[in-house]
Amino acid sequence: MGRKRRRGRRSGEFRSWGLLLSALAVLSGLVRQWTTCAVWIGILVVYFGALRLTRCRVETTKHLPCRWLVRGTIGTCKYHVGYKRGLPRLVRGSGFTGLPTFMWPRDHFDGAVSARAEPQPGSGRAVTVKAARPGYERLTVALTVGGFVVAVVGVVRDFVAG
């Protein structure tokens, strides 16, 4: 008998770090803890730039955004290393709804690149980079806990100072 594959995410994982960090930054701003708010925003920028699981979105030879999963907005897949320069442009997404998405355009397509197709992940199977780069979940937890400690120390310091 084969093992049943369970669809969806495992119940033990927590993937809403961006929402949590944003809420803590807003809360720090509401109580006028500007230094603590700046720390939360810095951690949020690092999270979105280097840790969050997102799509590569560099223009492929078919002039569509790349669909490989990568870590962070600044990350690229192995087929598009060095192509993510400048600002992305807004393009129509795929599918029935065609919701807009960002794509980093490529300046030129030389003959060697356009002759071989850049493979894309299948639409039905999940592609993960967790096995390729372990430790990001722990790093995110460490950054969040560190930011929380800074926030608590800032609040306590203000209460003691009066």
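Its Kirkwood hydrodynamic radius, worked out from the mean inverse distance over all distinct Cα pairs, puts segment 36-101 at 13.1 Å.
Exposure proxy for Val145, Val155: other Cβ atoms within 10 Å of each Cβ, ordered fewest to most, give Val145, Val155. You can think of it this way: the chain between His108 and Arg32 has 22.5 nm of extra reach, that is 0.36 nm per residue less the Cα-Cα gap.
Cβ crowding within 10 Å ranks Phe159, Phe96 as Phe96, Phe159, fewest other Cβ atoms first.
With the simple model of a label 7 Å out from the Cα in the direction of the Cβ, Val152 to Leu87 spans 4.1 nm.
Readers should treat all values here as calculations from the given coordinates under stated rules, not as data from a laboratory. Just so you know, these numbers come straight off a predicted model, no measurement behind them. Cβ coordinates were reconstructed from backbone atoms using ideal geometry, including for glycine residues, and neighbour counts include every protein chain displayed.
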